Amino acid sequence: GYKQASVVILHKSLADDFEKFCHANGGALPLLYRSKPGDWKCPSRSSDSDTRTDCLQYRIYEHGACTGSLKSLKEYSEQLKDMVAFYLDCSFSFEKAVQSVGIPVRYVDQQCNVSMYKTAVPCYSVSTFSCNLVATMRPVPESKLEAAVQATSGLKEAHGAPIHIGDPGLLGIQDLSKPDYGDPVHLHPGDIPVFWACGVTGVEAIISCRAPLAFTRSPGRMFITDLKNNNVTVRCSREVPQVHCISQHPLHYSMVSAEAAQKIKTLETLIGTDPGGRGIIHLHRPDELLKASLTLSHARAVLITTGFPTHFAYDPPEENDGPPGALAVAAMLQALEKEVAIVTDQRAMNLNKKIIEEAVQLGVLRRPVPLLSYQKESADSALKFLCKNGNPGRPRFDHLIAIERAGMAADGNYYNARKVNIKHLVDPIDELFLAAQTIPGVRTTGVGDGGNELGMGKVKDAVKKHIKNGDVIACDVEADFTIVAGVSNWGGYAIACALYILNTCEIHDRYLRKAVGFPQLSKRMVWLSALPSVTKEEKLLKTLARHGVRSGKTASLEMEVDGLPFYTTHSLLIEKLL
């Protein structure tokens, strides 16, 4: 029930830089108090305290190496006159809040110390202080994940919300049974490993600076303050965290505010409008846009594909639904500093190259997007294309997106909406989506408006039942996430907008950067400039028309709402939401 603190003691010449290091990595090192040189008390936190004895056990570090432990620092009183003590809040401070919502604290039940692990997450370096984040792990029953997050998110001085939920390998932790500090804690059936930033990061920082002499409290031996923990009430939807599972293999959860999640759900409703009356409402699966965009937000490298040669009697046979949506996603991914590439049909390489070049000139893209093609040459061609040396442990991309891309039907052919077989115009890019299902950590998203697009296999039964010619044209290839829109371009716009919403959400931003470094909101104007707009869409549609690309959505293009083309009206609605 009382606030507890880690203690780090170092020479006064290092104190200013260490304080900056704490502020730069506040999730791991929430600074409660900094003493003056030679001051052994912590008056703002505890009366009658003595830092030399109150932690019960200490560790000595000399030139970056731990040279022993002792129960009192009194024998070093002379050296301590030139040293400064830092008091950092600890996750032990939030245990009462966790227990109060019915979550068991396994390490307490098992009568051992909490597990602490060195991660592969680099902290923000300051001068000689440069190390990776240390995280504690607490097993939490799956049904209690959101309760655990909400109980701790407001306790920012006690490390706040978790920095990772799910597979420890995603943090670079190889074996939960071998913690770097503390004791191994047994997970019960149904438990999920949940990780919080840890004050032992300060120990790693002391090691990295190689100070001639420094002291820390031993892991688990805390400085107990006189201050009681008070549960924090989260008041507005911007502060209420939600937890969403975005992957099963490896297990991975993400976090977002209730406010941001609701905005994305509103986007999903907007793009679900069915101007052609095709019955796409029956294909809709709730929260697919939210889950797809959360996964994309965590992605490092993304592969996009588009192209539906519905006008088989013309050259080029492509329609103009797909490329604008694909470029909108690519533009936002570029702004978020992710790797992005586009894969298309070999016969359409020159056309797409020209479109990409002009998109850069128009300011739609910041720079050209690498353009790839795929052909099946052997049984493992898809795996070799997606992974370095065909090794599933080394994927080149961790997310694949198809936007209005012709999808393979159950008979192996590709059909337009009128049941015309266009297989001769389509390269087997579906194989990449099928291969992705076998690669851990690689996720896929399909965007479509009629059920014959790549990725729509997830809703093929509904396509066969409710969409005209669905029994023949339904795509048989599934994506992990299926986004259904009245026009597929809208799905692309919605993904771009959802990524903007997520990355301007403080809860999601903190979770992405693992609570180290500084908020990325300073880049907001760059992200804002990458959003789709009416002007960008009109320029792209004119560019496509100049290259002979025709409309495949006659009904929606001719339909007007309040005197404006339906495309334009919908773009305005999306912009207005943001």
* Net charge contributed by nearby residues that have their C-beta within less than 15 Å of H11 (K/R +1, D/E -1) -> -2
* To do: Choose one of L73, A498, S143: the residue whose Cα lies farthest towards the positive end of the charge dipole of the chain (beta-carbon charges +1 Lys, Arg; -1 Asp, Glu; about the Cα centre).
  => L73
* Asked: When the Kirkwood hydrodynamic radius is evaluated over all pairs of different C-alpha atoms of the range 118-229, what value in angstrom, to one decimal, is obtained?
  -> 15.5
* Structure fact -> In the neighbourhood of D411 defined by beta carbon distances under 14 Å, the net charge of the other residues (Lys, Arg +1; Asp, Glu -1) is +1
* Size of the dipole of the range 2-228 about the Cα centre, Lys and Arg at +1 and Asp and Glu at -1 on the beta carbon, nothing else charged, in debye to 20? -> 340
* Name the aspartates and glutamates eligible as straight-distance cross-link partners of K74: C-alpha to C-alpha under 12 Å, and not fewer than 8 places from it in the same chain. => D50, D54
* FRET efficiency for L187 and H424, Cβ-Cβ distance as r, R0 = 45 Å, nearest 0.05? -> 0.25
* Rg [Å, one decimal], Dmax [Å, integer] - the chain, C-alpha atoms -> 27.4, 90
* Asked: Using 7 Å Cα-to-Cβ label points, what is the R550/R238 separation (nm, one decimal)?
  -> 5.0
* To do: Quote to one decimal, in nm, the extra length available between A65 and E377 on full extension: 0.36 nm per residue of separation minus the C-alpha distance between them.
  => 106.8 nm
* Asked: What FRET efficiency, computed as 1/(1 + (r/R0)^6) with R0 = 22 Å and r the Cβ-Cβ distance, is obtained for M349 and A301, rounded to the nearest 0.05?
  -> 0.60
* Structure fact -> Note on the chain: contact order normalised by length, alpha-carbon pairs under 8 Å, 6 or more apart, percent, works out to 15
* Hey, any idea what % of the range 2-228's accessible area is carbon plus sulfur with a 1.4 Å probe? -> 49
* **Vicinal HN-Hα couplings computed from phi for the range 466-481 (Karplus, 6.51 cos²θ - 1.76 cosθ + 1.60; Hz; Gly/Pro x)** => 10, 9, 4, 6, x, 5, 9, 8, 3, 5, 9, 9, 8, 10, 4, 10
* Report the label-to-label distance for M525 and R285 in nanometres (one decimal), using points 7 Å from each Cα along the Cα→Cβ vector. => 4.1
* **Net length gained if the chain between A258 and L362 were fully extended (0.36 nm per residue, minus Cα distance)** => 33.9 nm
* May I ask you to evaluate 6.51 cos²θ - 1.76 cosθ + 1.60, the Karplus curve with θ = phi - 60°, for each residue of the range 333-348 and list the ³J(HN,Hα) values in order in whole Hz, giving x for glycine and proline? => 4, 4, 4, 7, 6, 9, 6, 9, 9, 10, 10, 9, 5, 4, 5, 9
* Where Lys and Arg each count +1 and Asp and Glu each count -1, what net charge lies around S257 among other residues with Cβ under 11 Å from its Cβ? -> -1
* Asked: Is the range 142-289 best put as rounded, prolate or oblate by its Cα gyration tensor, with a ≥ b ≥ c the root eigenvalues, rounded for a/c under 1.5, and otherwise prolate when a/b is larger than b/c, oblate when not?
  -> prolate
* **Extension gain, S44 back to E506 (0.36 nm per residue minus Cα-Cα distance, nm)** => 163.4 nm
* Using Cα positions and a limit of under 16 Å, work out the lysines in reach of K118, with same-chain residues fewer than 8 apart set aside. => K178, K514
* To do: With a probe of 1.4 Å, find how much accessible area the range 295-410 has per residue, and write the answer as a whole number in Å².
  => 38
* Accessible surface, per residue, of the range 490-543 when the full set of protein chains is kept, probe 1.4 Å, Å² -> 37
* Asked: Given the C-alpha centroids of the range 504-555 and the range 119-147, what is the distance between them in whole angstrom?
  -> 30
* Asked: How big is the Cα convex hull of the range 2-228 in projection, averaged over all directions, in nm²?
  -> 11.4
* aspartates and glutamates near K464 by alpha-carbon distance under 19 Å, same-chain residues fewer than 8 away left out - which ones? -> D274, E404, D411, D449, E453, D476, E478
* To do: Calculate how many DSSP beta bridges within the chain are antiparallel, expressed in % of all such bridges and rounded to the nearest 5.
  => 70
* Asked: Per residue, what accessible area does the range 2-228 have, given a 1.4 Å probe and all protein chains present, in Å²?
  -> 40
* To do: State to the nearest 20 debye the size of the charge dipole of the range 9-48 about its Cα centre, where the only charges are +1 on K and R beta carbons and -1 on D and E beta carbons.
  => 60
* Asked: Hey, what number do you get for the chain at 222 nm if only DSSP H runs of n ≥ 4 count, each worth -39500 (n - 2.57), divided across all residues, to the nearest 500?
  -> -9000 deg cm²/dmol
* Computed label-point distance, nm, for sites C112 and D175 using a 7 Å Cα→Cβ extension -> 1.4
* Structure fact -> Magnitude of the Cβ-charge dipole (Lys and Arg +1, Asp and Glu -1) of the chain about the Cα centre, nearest 20 debye, reported as 720
* Of the listed pairs K3/K36; K419/K465; K291/K458; K423/K536; K354/K384, which have alpha-carbon separations greater than 24 Å here? => K423/K536; K354/K384
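The values are calculated or read from the model by the stated rules, or taken from the named source; none is laboratory data. Computed from a prediction, not measured in an experiment: that's the story for all the values here. We place every Cβ from the backbone using ideal geometry, glycine too, and count neighbours over all the protein chains shown. When the accessible area is computed, the model is the full protein with side chains, heavy atoms only, and any ligands, DNA or RNA have been set aside. Shrake-Rupley method; radii C 1.70, N 1.55, O 1.52, S 1.80 Å.
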